Structures are given as structure tokens and as C-alpha cells.
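Reviewing the structure listed below.
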Amino acid sequence: MQVLLVDDEEELVTALAERLSLRGIEALWATSAEEALRVVETRSFDLAVLDVKIPKIDGLQLKKQMQAMRPGMKFIFVTGHGSDRDFKTGVAEVGADYYLVKPLKIEDLIAKMKEVLES
Amino acid sequence: MNIQEVQIGLGGVQFFGKMAASISHEIKNVLAIINENAGLLEDICLMAERGKPIDPDRLKRLSGSVKDQIRRADHIMTVMNRFAHSVDEASVSIDVSEVLELLVSLSARFVAMRGVVLEVGKPAGAAITTFPFVLLNLLWLCLDYAMAVVGPGKTIELLAEKTGDGVWFRFCKLENMETDAAPLFPAEREAALGQALHAQILRDPAAREVRVLLAQRRNV
């Protein structure tokens, strides 16, 4: 499984990538939309884990751009929202079915990754 | 309660809510980082139980990261506390630099999300008597307008200058003020806040700036 983690909190994605790699999941990371698009342009991933709020462009728009480049790529959204009502509405608008709320449980994330890839 | 007071009250609640949501989002990020670092420590312990030696430098880096995040959270909560207390008194003497510092701290995430660079000039060493919460609300709306006007990748310069009768807050380097896409400014909400503070709000496309003149010793 090859995963791209996108979040402007560098310490978060680096720690998460390390924890995933310890569990046999290859994870690269990007801290901006521009960096994420550059990485996706050069190599393919099974799925991306995107923060909903990243600078300049929101995660939902980033997903659209990534999907245009890699139509087979799957997505999981991560949010720091206390209430997820608006988030659910926004996610539904761009057709994303999967999301998790920060702080993440690594077991939940991996289970969700498997669920997404099997869907 | 007249229409203007209702407008200020409703707008104020919206402003407070927006800032509280941003702060809670920041705290969630801090908790998420601490959570992942704690998870990594658990992973390292599990590996040590299986015979892999522990690297002390790795542990130091992780504990340093947790401490950094605790300091970050402490700063966020200090800002939140100051902001919460800005509603306490309708007329209080406050240093201009404190107002700017609070505004910049509160708006940091919004500035980053919009991809704008906010440069803050050394503020005038002056105190003003005002309603801090209402002033912060007005300055936030000016900054929000400035960010909408300039767009991502551009710089906004924020200055506070002492005048004979008070303080000028200046939002400078605002490109694209004359485009059709630029929002109406000052709109009713800004005008109501300006009136309540006895402040003048000037939109000056020729100078590419928005200015707020807050006169001394006026109460809301």
C-alpha cells in the first residue's frame, strides 16, 4: 500500500508516516497543496490522506485536482473540526465517502485505509 | 436596543465564534501532534521489548517535540484568554501594540490559509481608550477585506501610527482595490462598528490602503 499524507503540520505527517512505515505501509508526505500535486505528478499512490484545511486551497479542491491527474486514486479526509456537520456536507459535495477526526487513532486510520481500498 | 446595536451584537457573536473555531482547530492540531509522538514512543517501547535497542537521541527529539507543542498550546490559550477578556470593559486604556499583537495572533491561521503575508510595522508607543473587543472586530473586518482584495501570495502591511488626536491603523499595499471582484467596503457592519467606536474608516484606492482613525478618550 502506497500512501500520500498531506497536512501543513509537518510534525504530524512525519510522525504519522513513520508510524505507518513501522506497520508496513509506505507513506510519503507533503505539507502544501503545491508539493502534494508535484509528488502526485511524478508517482502514483493507492490513496491520499488529506487535511481538509490546508493553506491556499482546501483539501476538497486538492482532491479534485489530484483525481484529475490520477483517476484511480482513493481519498480519506482528516479534519480538526469539533463539529463535523459542515464538513460532512462539504465532503458529500465532492464525493468523498471517508473521513476521520483529529487526533487520529492509528488503528482506525489503517482500518479506514483498507476499507477504502477494498471499496 | 437599536438596529445598530443589534448589528454590532450579532456581528460580534459571529466574530467571536469564528475566532473560537479557529483556536479550537489549532488546539486539535497540537493534540494530534502530541498524539502521534506518544504513539511513536509506544512503538519504540514495543520494539525495545522485542530486542531492538532504544536510541536516546530519538527519545530526546520526541520529548522535545511534545514540549514544543505544549508551549504552542500555552500560547494559543493565552491568546484565547486575552481575547475572551476583551469583552470585559466597554472603555479601557489599552496599548496599541497589545491590540496589534492580539489581532495578529488571532488571525494567523486565516492569514496562512489565504496564503497572504502579513507584515506588521513597529507600532506606535501609545495607549488608546476604547472597547477592545469592538476595536478587534473592526480591525479583523478590515484585515479580512484586505486579504480578499490582495489574494494569495501577496503582502499586506499593517501599521499603527500615533496622531495628534489618536491612532491610525493602516492596512497598506492593497492591490486590486478597484476591481469589480473587490467586496463593498466599508459595508454596514464595518460602518456600525466605526460609529460605535467614533472611528473614521477610510478606503483610499489611490494610496492602496484602508485606514482606521481611532480618536483618543472616546467611549463606546
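Can you tell which of B:Gly17, B:Gly39, B:Gly51 is at positive phi and either part of a helix (DSSP H, G or I) or over 27 Å from the mean Cα position of the chain (by Cα) (or both)?
Details: B:Gly17 fails: at positive phi; B:Gly39 fails: at positive phi.
Unique residue meeting the criteria: B:Gly51.
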For region A:20-39, enumerate the residues that are under 18 Å from A:Met1 (Cβ atoms), out of contact with any Leu (no Cβ under 7 Å at 6 or more places or on another chain), in a helix (DSSP H, G or I) and aliphatic (A, V, I, L, M). A:Leu20, A:Leu22
So, of the residues in region A:1-33 that are farther than 22 Å from B:Leu62 by Cβ and at the interface with chain B (Cβ under 10 Å from one of its Cβ atoms), which turns out to be surrounded by the most Cβ atoms within 10 Å (Cβ to Cβ)? A:Ala33
Going through (1) within 14 Å of another protein chain (Cβ to nearest Cβ); (2) over 21 Å from B:Ala146 (Cα atoms) one by one, B:Leu118 fails only at (2)
Could you go through region B:174-196 and let me know if any residue there is more than 22 Å from B:Ala215 (Cβ to Cβ), surrounded by 16 or more Cβ atoms within 10 Å (Cβ to Cβ) and touching a residue at least 40 places away in the same chain (Cβ under 8 Å). no
Look through B:Ala38, B:Ala32 and report the one residue that is modelled with pLDDT of 95 or more, of a type in the set (A, V, I, L, M) and crowded, with 16+ Cβ neighbours inside 10 Å. B:Ala32
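Take B:Ser107 and decide whether it is within 14 Å of chain A (Cβ to nearest Cβ) and either in a helix (DSSP H, G or I) or surrounded by 19 or more Cβ atoms within 10 Å (Cβ to Cβ) (or both).
Details: within 14 Å of chain A (Cβ to nearest Cβ): yes; either in a helix (DSSP H, G or I) or surrounded by 19 or more Cβ atoms within 10 Å (Cβ to Cβ) (or both): yes.
For B:Ser107, the condition - within 14 Å of chain A (Cβ to nearest Cβ) and either in a helix (DSSP H, G or I) or surrounded by 19 or more Cβ atoms within 10 Å (Cβ to Cβ) (or both) - is met.
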Scan (1) within 14 Å of another protein chain (Cβ to nearest Cβ); (2) in contact with a helix residue (DSSP H, G or I) (Cβ under 8 Å, 6 or more places away or on another chain) for the single condition B:Gly153 breaks and write down its number. (2)
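Among the residues in region B:199-206, are any aliphatic (A, V, I, L, M), farther than 17 Å from B:Gly121 by Cα, without any contact (Cβ under 8 Å) to a residue 60 or more places away in the chain and surrounded by fewer than 18 Cβ atoms within 10 Å (Cβ to Cβ)? Spell out how you get there, then give the answer.
Narrowing region B:199-206 to residues aliphatic (A, V, I, L, M): B:199, B:201-202, B:206.
Then drop every residue that is not farther than 17 Å from B:Gly121 by Cα, which leaves B:199, B:201-202, B:206.
Keeping just the survivors that are without any contact (Cβ under 8 Å) to a residue 60 or more places away in the chain gives B:202, B:206.
Filter once more, so that each one left must be surrounded by fewer than 18 Cβ atoms within 10 Å (Cβ to Cβ): B:202, B:206.
Yes, that holds for at least one residue.
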For residues that are crowded, with 18+ Cβ neighbours inside 10 Å and under 19 Å from the mean Cα position of the chain (by Cα), tally how many sit in region B:62-93. 5
Long-range neighbours under 9 Å by Cβ, at least six apart or interchain, first residue within 16 Å of B:Ala38 (Cα to Cα) within region A:15-43, second acidic (Asp, Glu) and surrounded by 17 or more Cβ atoms within 10 Å (Cβ to Cβ): A:Ala15/B:Glu36; A:Leu16/A:Asp7; A:Leu16/B:Glu36; A:Glu18/B:Glu36; A:Arg19/B:Glu36
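The values are calculated or read from the model by the stated rules, or taken from the named source; none is laboratory data. All values derive from a computational prediction rather than experimental measurement. Methodologically, a virtual Cβ is constructed for each residue, glycine included, from the backbone with ideal geometry; neighbour enumeration extends over all protein chains shown.
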